[in-house]
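Asks: One structure, pasted below without further comment.
The values are calculated or read from the model by the stated rules, or taken from the named source; none is laboratory data. Remember, predicted model here, so these are calculated numbers, not experimental data. Note: ideal-geometry Cβ built from the backbone for every residue, glycine included; neighbour counts use all protein chains shown.
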Amino acid sequence: GAGVSQSPSNKVTEKGKDVELRCDPISGHTALYWYRQSLGQGLEFLIYFQGNSAPDKSGLPSDRFSAERTGGSVSTLTIQRTQQEDSAVYLCASSSIRGGLLSTDTQYFGPGTRLTVL
Amino acid sequence: QKEVEQNSGPLSVPEGAIASLNCTYSDRGSQSFFWYRQYSGKSPELIMFIYSNGDKEDGRFTAQLNKASQYVSLLIRDSQPSDSATYLCATYFMDTGRRALTFGSGTRLQVQP
């Protein structure tokens, strides 16, 4: 079946502009994650959605970052007033929580959105 | 600070050799471990996961877990140039309550033809 999809694949914007990044998870996956990967760096957790539960926003680096997930499926990550340090690849992942056990929650990643802030 | 540590490499092995990639983690409560492969400019791709002590084999890949030593490794047998990539180790830190994987910084593997 179809994997996780993200759009756009590339986004170039000017400092101070707002951007929206979209993620379509694998059909039937209830959990959705956003990560960020800066050049040459590891993956940094941003936010997590699970079903109708309140999202875990503990990884968002500032209040310029927000995300929502509509209808338990598609998610949008919004960055307001972008800064050059926001330049990174933004990765979305989804998973199906099996039996509620976190320890076996296997995440599958989308292709990512490369954001460049000039 | 909960950490997953990997040698950044590069680890260079000749084609056909066994590549051994290692990972240590700081939380004894961690229960499952994931290995992802990431080609340059691409997103991470799941190779395998392991949550029991011992070995788990899948084709040319073997994951090894030693919870007492807080150590997990990935062996790649008969390494091919197409295996050249960065390999990421990840786990959940159970006591943080955060349902997100914590990743190591990755080990870059180069398989020389």
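Asks: So B:S52 clears everything in (1) free of Cβ contacts under 8 Å to residues at least 40 places away in the same chain; (2) assigned to a strand (DSSP E or B); (3) more than 21 Å from A:V89 (Cα to Cα) except one condition, right? Which one?
Replies: (2)
Asks: Any idea which of (1) without any contact (Cβ under 8 Å) to a residue 12 or more places away in the chain; (2) in a strand (DSSP E or B); (3) within 11 Å of another protein chain (Cβ to nearest Cβ) is the one B:R98 doesn't satisfy?
Replies: (2)
Asks: A further question on this structure: List every residue pair whose Cβ atoms lie under 6 Å apart, where the two residues are 6 or more positions apart in sequence or sit on different chains, the first residue falls within segment B:76-95 and is over 18 Å from B:E45 (Cα atoms), and the second residue, located anywhere, is not small (G, A, S).
Replies: So the pair list comes out as B:R77/B:I18; B:R77/B:R60; B:D78/B:R60; B:F93/B:K2; B:F93/B:D27; B:F93/B:T102.
Asks: What number of residues within segment A:31-62 are more than 14 Å from the chain's Cα centre (by Cα) and either at the interface with another protein chain (Cβ under 9 Å from one of its Cβ atoms) or modelled with pLDDT under 90 (or both)? Before you say what the answer is, go through the steps one by one.
Replies: Filtering segment A:31-62 for residues more than 14 Å from the chain's Cα centre (by Cα) gives A:39-42, A:51-54, A:62.
Still in the running and either at the interface with another protein chain (Cβ under 9 Å from one of its Cβ atoms) or modelled with pLDDT under 90 (or both): A:39-42, A:51-54.
Result for segment A:31-62: 8.
Asks: Of the residues that make up segment B:101-110, is at least one surrounded by 15 or more Cβ atoms within 10 Å (Cβ to Cβ), free of Cβ contacts under 8 Å to residues at least 40 places away in the same chain and among the charged types (D, E, K, R)?
Replies: For segment B:101-110, residues surrounded by 15 or more Cβ atoms within 10 Å (Cβ to Cβ), free of Cβ contacts under 8 Å to residues at least 40 places away in the same chain and among the charged types (D, E, K, R): absent.
Asks: Filter segment B:11-41 down to residues that are assigned to a loop (DSSP other than H, G, I, E, B) and either touching a His at 6+ places or on another chain (Cβ under 6 Å) or at pLDDT 95 or above (or both) and give me whichever is surrounded by the most Cβ atoms within 10 Å (Cβ to Cβ).
Replies: The extreme case among them is B:A17.
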